[in-house]
Amino acid sequence: MPRNLGGIDRLFRFYLGLAMIAYALPFWAPQTGWNWVGWLGLVPLASAVVGACGVYRLVGLSTRPAS
């Protein structure tokens, strides 16, 4: 998959993913029964690491500067 995420977008996704995963961990947030939602933070974290977003590709969007 070609890269389509710019630097700011990748940085935002990285920190969002980390924050969501921190919410899932029992020593960071009180257990509410909804903490499993935090594990969905793996999706933005993975897209930040890879530099590509499947949804962006489907709609033809790119935040990566043209080279």
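Rule-based calculations on the coordinates, nothing more; no lab input. These numbers come from a predicted model, not from an experiment. In this analysis, Cβ positions are derived from the backbone assuming ideal geometry, glycine residues included, and neighbour counts consider all displayed protein chains.
What to note about this one:
- Residue 63/residue 32 FRET efficiency (R0 30 Å; Cβ-Cβ; nearest 0.05): 0.35
- Alpha carbon convex hull of the chain, projected area averaged over orientations, nm²: 4.9
- Loop chymotrypsin sites (Phe, Trp or Tyr not before Pro), the chain, which have at most 15 other Cβ atoms in a 10 Å radius of their Cβ (DSSP): 27, 28, 34
- Length-normalised contact order of the stretch 17-61 in % [C-alpha pairs under 8 Å, at least 6 apart]: 39
- Tilt relative to the chain, helix 7-24 - C-alpha long axis, 0 to 90 degrees, to 10: 20
- Each residue of the stretch 30-40 is assigned a 3J(HN,Hα), and the resulting list reads x, 6, 10, x, 10, 5, 4, 4, x, 5, 5 Hz, derived from the Karplus form 6.51 cos²θ - 1.76 cosθ + 1.60 (θ = phi - 60°), x at Gly and Pro.
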